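The values are calculated or read from the model by the stated rules, or taken from the named source; none is laboratory data. Because the structure is predicted, anything quoted here is derived from the model rather than measured. Virtual Cβ from ideal backbone geometry, glycine too; neighbours counted across all protein chains shown. All accessible areas refer to the heavy atoms of the entire protein, side chains included, with ligands and DNA or RNA removed. Shrake-Rupley method; radii C 1.70, N 1.55, O 1.52, S 1.80 Å.
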Amino acid sequence: MTTSRVLHFLRGPATSPAPADRRGPRQQQRLRFPQAGEGMPRVSVACSSSSSTAGEDEGMTYKGAGVDIDAGTELVRRIRKMAPGIGGFGGLFPFGNHFLVAGTDGVGTKLKLAFETGIHDTIGIDLVAMSVNDIVTSGAEPMFFLDYYATSKLDVDLAEKVIKGIVNGCEQSDCVLLGGETAEMPDFYAEGEYDISGFAVGKVKKDKLIDGKNIVKGDVLIGLPSSGVHSNGFSLARRVLEKSGLSLSDQLPRNDGITTTVGEALMAPTVIYVKQVLEIISKGGVKGLAHITGGGFTDNIPRVFPSGLGAKIFTGSWEVPPVFKWLQQVGNIDGAEMRRTFNMGIGMVLVVSRESADRIIEDTHGSNPAYRIGEVIEGEGVHYV
C-alpha cells in the first residue's frame, strides 16, 4: 500500500510572502542521542552493502566492505548507451531560456547508524543535501524537492522526525518541499527500519550554466569544508567501527581537546552548500564545481574537466578532520583508498580562474571558509602532492 503526500505547492499566491520570509533565524543543527536506558548498540554512484569485514591484518577497502565503485562506473557507461545525456552531477532539461536541473539520491547505509543511535531528525538534511548539492554544481538555484519514504510498518512519529529533517534541509537550500510518497510494504524491511530517497529540481539561465567547458590549465581548485563523512563511505566506516570495538557513545580519539563521540562525528549532517556557492558564483570567476561524494576527489573532480586536463591536489592545504584520521588508522586503510572513498574534509570543489581565486578565498571567512587546495594541470586524473 502506498499513500501519496502533497505537503506544499511550489508557488503560493502572488501576494503571499516568499517562503524564506516566513522563516525564523536559522539554528545550528545539533545531534541528540537517546537518553540513558534507551540503549545504543555497538556496532556517486552510491552503493550500499552488508558484506563481511576484511581480514584483521589486511588494509580495509570500500570493495572489501561490499561497495564496488568500478562496477557502478561500468553500469553508468552502459546506461549512457541508452541515455547519452547522463553523466553530470545533475540532469539538464531545456525550458525556455533556462535549463531545469534535476538530481536524485539517497543516504546509503548512514541509515544503519540512524537506527542504532536513534537520531532520525537530521537524516533528512542529509537527504536534501545529496541532491541540491549536485544540482548547484551547474549553477542552478533549487526550486523544489520531493521525497520517498518506505517502511514495512509505518511509525507515524518516527516518519515525522525524518520529514522534519527534510523540511530543515529545504529551508537551508531555499527550496520548497513540494510533495512525497510514503510506501508501507509489509515484510520488506526489518522492524523499525526504513529507506528514503529524494529528488530535487532547480533552474539556471542557459547563458549562466556552469559546465566546465572553459576550464584551462592553471585554473585554481578551491575547497569548501565538509562537516565530516557526510553521506558516503558508510559501508566501510561501519566496518571500521565494528573493528574498533567502540560504541557510538564512546569518545572519538582525537588530540585537539575537543570532546566528540563517535556517533556525533559520524552522524554530523551533510553541509548544504547552496547559498554559499550561489553567492560565490554571483561574483564571477567560477568555471566548474564538483560535489565530493562517492568516489572522493579521485573520481569526482575529473568529471568537470574537458578532455586532456587533470588536477594536482596539495594534500596539506587544509586540515583533515579527526574522524578521517581515526578511520584510516583503525582500518589500516591505504591513502589512495581513503581519497577515493571519503571526502577527507572537503565536500565541494570549485574550479576558478587564477585571477578570481584570491578574491573568492578572501571573501569566505568565519564559519564558511575556503581553501586553495590545488590547480588544473595537463594530463588525466588526480595527482596528490
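Alpha carbon centre of region 122-190 versus region 197-213: separation in Å? Between the Cα centres of region 122-190 and region 197-213 lies a distance of 20 Å. The calculated P(r) of region 96-229, using every Cα pair and 10 Å bins from 0, goes 12, 37, 29, 15, 6, 1 in percent. With the highest mean first, a sort of the peptides 195-202, 245-252, 106-113 on other beta-carbon atoms found within 10 angstrom per residue produces 195-202, 106-113, 245-252. Computed from label points 7 Å out along Cα-Cβ, the spacing between Ala83 and Ser247 is 4.4 nm. Whole-Hz Karplus values for region 228-236 come out as x, 6, 6, 10, 9, x, 6, 5, 6 Hz, taken residue by residue from phi with 6.51 cos²θ - 1.76 cosθ + 1.60 and θ = phi - 60°; glycine and proline positions read x. Apolar share of the accessible surface for region 65-154: 62 percent from carbon plus sulfur atoms, 1.4 Å probe.
The listed residues Arg254, Arg238, Arg80, once ranked by accessible area (1.4 Å probe) with the largest placed first, stand as Arg80, Arg254, Arg238.
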